[in-house]
Each structure stands twice: as C-alpha cells, then as structure tokens.
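Structure first, then comments.
The values are calculated or read from the model by the stated rules, or taken from the named source; none is laboratory data. Worth saying up front: this structure is predicted, and the values here are computed from it rather than measured. Ideal geometry is used to build each Cβ from the backbone, glycine not excepted, and the neighbour counts take in all protein chains shown. Note: accessible area is taken over every heavy atom of the protein model, side chains too, but ligands, DNA and RNA are not part of it. Shrake-Rupley method; radii C 1.70, N 1.55, O 1.52, S 1.80 Å.
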Amino acid sequence: MSPAGWLLVAAIALILVAGWCAGAQAAMSRIDAEALTRYGSLLMLIRVCAEVSAAVLMTLAFAHWLGGGWQVFLPAAGALLVARYVLIGVGPRAMGRRRAERVAGTAERLLRPLHVMLGPLARLLDAMAGVLPLGGRTADAELTARPEVRGLVDYIEGRSEIEPGEREMVRSVFELGDTIVREVMVPRTDMVFIERDKTLDQALSLALRSGFSRIPVVGENTDDVIGIAYLKDIVAWVHEHPGAEETERIDQVMRPATYVPESKPIDELLRNMQVQRIHVAIVIDEYGGTAGLVTIEDILEEIVGEIADEYDNERAPVEWLAPGTARVTARLPVTELEELFGVAVDAEDVETVGGLLAHELGRVPIAGAEATVSGLRLTAENLAGRRNKLGTVLIERMEEQPA
C-alpha cells in the first residue's frame, strides 16, 4: 500500500476512535451521569485529539494524490465531513443510546486505567473544566447536549419502577429552562401594594388582613415599586420600639426590591434567588412598568404542582345564610348572581363576583373590604390558597330606605 493509503487508513481509524468517544458520552449521559462527570474531560481530550489528527492525516493523503494547493481542500474537507457525520455524529450516538448499559460499562473499564495512568494530567483536565470560562457547567452542557439529556429523561420515564408523579417531576425540572417568568408570576391585578407613607400599624393591619407576609411598597404609583415590606421586620421593629407603629413609616423598615424582566427563564431566576437569598422579585415588563410578582414558591409549583393551603376545602358555589343573604364563591359568575337576587349588574368587563368586587373597589379585595352594587352589599370574607386570593364573598340585599 502506498504511503498515502496508510495515511488514509490511519485517519479512518482515528475517526472511529472519536466516534467511540461520542458513543461513550451518549451512553454515560443516559444512564451514568457520575461516570460522565469523572471521565468526561478525558473523553473530550481523546476525541479532540483524534479528530484533529484525522483531519491532518486525511489532508496529507489527498495532498500526496492531488499535489499541493487549493485543489486539495474541497476533496479532503468533503471526505472528512461525511466521515465525521456518519462515524462520529450519527452512528455512535445512536448505538450509545440503544445499548447504553453495555457501551457505558465498556467505556468505564477502558477509561479507568487510563485515567489512573495519566494521574496529574487527568486532575489538571478536571480542574481546567471547572475554572475555564468554557468549562464547568458549560462544558458539562456540551458533553450532555440537549438531545442526550432529553434521552435521559425518556429513559427515566420508561422505567416501570418510577412512579408517574416522579416521572412528571423529572420532566418538569427538565422543562424549567423553557419556562419564562411571565408564565408563573402573580399578575399585577392580583397584587396587594402599600404606599410608602403608611405607618407600621397600617402595614401590619394590611398584612394580617391580606394574609401576605411580603408586600411591595410603592411610591408615586404601582409602577414605582421602591421596596418590599416583610411582616417579620415590621413585628420586630414594633417589638423593639414600643409606640413606633403609630409614627414610623413603612419605608423605614422595608427591604430593597429585586427586579427581573418577564422574559427571564425561571431556572436562571431560581439560581439567582438562591444566591441572593431572596424569596420574592418584582417582574418588569418591556416598558419598565410593573408586570407582576414572582416568588420561589411560584417556581417550585412548576416542579411539584400546585401547593394547596391547609384550609383549602371545596365549597358549595352558593350557601344561603338567611333570606336575602348568601355566601358565594368569588368565582361565581356575575350572571348567576343576577339570577339569584333578581338584579341587573352594570359591569361589562367583569365575569365573576370576585372581579366585580375588585372593580368596584379599584384594588385587590382583602378580608373585610365592602362595596355596594345594584342594591347588594358585597363583603370580602376569607382568603384562600397560597396566593391568598379571595375565596368567598358575603352578599346581602340592602333594605330600601323609605322615601
């Protein structure tokens, strides 16, 4: 065989080595993440060296046949691309996923002595993977590319011993990166605010009536959120400064607010909130206005599902307490309210009783809030759920005053 032929054979052999590394990565990412973490840098080193060497050898082989110059580039590049696509990109990865346990086991047996033999070099590679900007989690993300991670999730879901709820939780964790803040936030219309010039006593009363332990503090309007009032801070300040609740303003004890864009992925937000040790952030829209509010609990609900309150019980839509007096759920349609009391309500943009009360008040209803509509007195009663949304409304027909 001519020297050029041997160069080509060596190039193909190196491409097969690189393909084996790609298959081992795919197999380990599917069933053995710990092994991938241990040998990932070594696999990447072998694969890169093999691919670069194959490219050089194949170029030399074509240069021997065709002579020097640019006429070598297209044939060598074309052959290398086809070989890389088939022998590295498609075939080995598919094999690694189909026979993951066998391929991963073989790879671990072969790599273990090499990893030990390299000794300091292997440890240096691992250290570089965690220090360099392209290493660490980014390198792991490259090794366990999105298709491989999705394959791992499919593998977990396919195991019969995994409960359906656990499979759904795994799927939810994987999809966190595809979910943005706007999809999980509490919208602005459901938020409870407090003005900065309110006293600590007023803030304490609002927190107890609304059921919220963290309340945004606003300046000029609801687009001007200047801080977050924590119930525990208010109670601690009042306890340490007797009488201060009547004179001190809430902006003296509030904490700085954290702002996030509504397009931010919630997996990034969760990491940021963990690092900054905050539980709530104000969501800003594209114009800089307040779009809503997001908490760690909102993000966790994307993983574990709805977090129900211990007092959440399914209520009857309507409960008559006396003639002309009924307790209804806040979700009761306004049309049904009109039928129950024989009245006509002039509220075109409102569909529920809770929305009707909020419309008349001009703000989010809290326990005890009252409004009069079409001869009916609507009183907000209990708040339900983790977000303390209005649960029930007391409806009373008002007596007509004598002329």
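The figures follow:
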| item | result |
| --- | --- |
| Estimated distance in nm for a label pair at D285 and A10, the labels positioned 7 Å out from Cα along Cα-to-Cβ | 6.6 |
| Whether the stretch 233-362 is rounded, prolate or oblate, judged on the alpha carbon gyration tensor where a/c under 1.5 counts as rounded | prolate |
| Where labels lie 7 Å past Cα in the beta-carbon direction, separation of F341 and V86 in nm | 7.9 |
| Net charge contributed by nearby residues that have their C-beta within less than 11 Å of G368 (K/R +1, D/E -1) | -1 |
| 5 angstrom amide H check on A291, placed H, neighbours 5+ away | V283, I284, D285 |
| L74 versus D197: modelled label distance in nm, points set 7 Å from Cα along the beta carbon direction | 7.9 |
| Potential extension, Q276-D178 segment - 0.36 nm per residue separation minus Cα distance | 33.0 nm |
| Solvent exposure, largest accessible area first (probe 1.4 Å, DNA, RNA and ligands not counted), of H64, H115 | H64, H115 |
| Stretchable slack from A244 to R377, in nm (0.36 nm times residue separation minus alpha-carbon distance) | 44.3 nm |
| The stretch 334-375: radius of gyration over Cα atoms, expressed as a fraction of 2.2 N^0.38 Å | 1.11 |
| Linear extension gain, R363 paired with W320, 0.36 nm per residue minus alpha-carbon span | 12.8 nm |
| Probe 1.4 Å, accessible area per residue of the stretch 210-360, Å² | 57 |
| Theoretical FRET efficiency, 1/(1+(r/R0)^6), r = Cβ-Cβ of L118 and Y259, R0 41 Å, to 0.05 | 0.30 |
| Rounded, prolate or oblate (a/c below 1.5 giving rounded, otherwise prolate when a/b exceeds b/c) for the stretch 175-249 by Cα gyration tensor | prolate |
| C49-D223 FRET efficiency (beta carbon distance; Förster radius 60 Å; 0.05 resolution) | 0.60 |
